1. Provide a single number: the residues in the range 99-131 that are surrounded by 17 or more Cβ atoms within 10 Å (Cβ to Cβ) and among the charged types (D, E, K, R).
2. Glu67 fails exactly one of the following numbered conditions: (1) of a type outside the set (Gly, Ala, Ser); (2) farther than 23 Å from Leu195 by Cβ; (3) in contact (Cβ under 8 Å) with a residue 24 or more places away in the chain. What is the number of that condition?
3. Just wondering, is there one or more residues in the range 71-85 that are part of a strand (DSSP E or B), under 14 Å from the mean Cα position of the chain (by Cα), modelled with pLDDT of 95 or more and within 19 Å of Asp33 (Cα to Cα)?
4. Would you call Gln181 touching a His at 6+ places or on another chain (Cβ under 7 Å) and at pLDDT 95 or above?
5. I need every pair where a residue in the range 185-211 that is at positive phi and modelled with pLDDT of 95 or more has its Cβ under 9 Å from the Cβ of a residue that is among the small types (Gly, Ala, Ser) and assigned to a helix (DSSP H, G or I), sequence separation at least 6 or different chains.
6. Of all residues being small (Gly, Ala, Ser) and surrounded by 14 or more Cβ atoms within 10 Å (Cβ to Cβ) in the range 132-177, which is farthest from His207 (Cα to Cα)? Just the residue, please.
7. Spot the failing condition for Glu212; the list is (1) touching a helix residue (DSSP H, G or I) at 6+ places or on another chain (Cβ under 7 Å); (2) of a type outside the set (Ser, Thr, Tyr); (3) over 29 Å from Asp13 (Cβ atoms); (4) exposed (fewer than 11 other Cβ atoms within 10 Å of the Cβ), and only one is missed.
8. If I ask for residues that are more than 18 Å from Gln54 (Cβ to Cβ), among the charged types (D, E, K, R) and assigned to a helix (DSSP H, G or I), which ones from the range 184-212 would you list?
Amino acid sequence: MAKRIGMLGGTFDPVHIGHLRSALEVAEHYVLDQLLLIPNARPPHRGAPQVSAQQRLEMVQLAVAEEDLLSVDDRELRRDKPSWSIDTLLSLRAELEEQDQLLLILGWDAFCGLPSWHRWDELLEHCHILVLQRPDADIEAPQVLRDLVAAKSVSGPQTLHGPSGQIAFVWQTPLAISATQIRHLLATQRCVRYLVPDAVFKYIYAHQLYQE
């Protein structure tokens, strides 16, 4: 029987409950066999992360240690080049059966920026794309993406068929939490308890991360 594997990339600088809640909702509601959290090593579309790759990896590992549906994949941290999603997809595809579904999970903002990604027009050859939409999103997709959606979208994630090639949308109520907000709180000596998992909270303070 074909497996359904989700992949959610990010700098996770640091990982927080907004990341984890979105991931868990997708994994449970759309009956994924596994959802991989994939920390970026050298994100091509943003500045360098504030703490080391090893520290970000360890925080994500701590965050999902007790959640069976979520796991951590460090392949991008082991590559000595920018974290291109196409390379990650090709690597994952090589480990799966031909009929397995691979779902690339993107927030709306990231999806709207897709045409700036390396070899972005090849992504659907290797995966389905699952877009997390938010009611407060105010970015408009460029015409090339609107055309792609018109050609490739289905009514919902449950109707995705085959191993790759389609786009589905999921509405989510966002948690008003961001890594930028958490870094700012830490830099100004304020507490971030309940914005990150307890294990991550303890790790941040034990290693004095993000504190100026």
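1. 1
2. Only one criterion is unmet by Glu67, namely (2).
3. Yes: the range 71-85 contains one or more residues that are part of a strand (DSSP E or B), under 14 Å from the mean Cα position of the chain (by Cα), modelled with pLDDT of 95 or more and within 19 Å of Asp33 (Cα to Cα).
4. So Gln181 fails the test.
5. Hits for this filter: Tyr210/Ala187.
6. Selected residue: Ser153.
7. Just one mismatch for Glu212, condition (3).
8. Asp198
The values are calculated or read from the model by the stated rules, or taken from the named source; none is laboratory data. Quick caveat, the model's predicted, so the values are computed rather than measured. Virtual Cβ from ideal backbone geometry, glycine too; neighbours counted across all protein chains shown.
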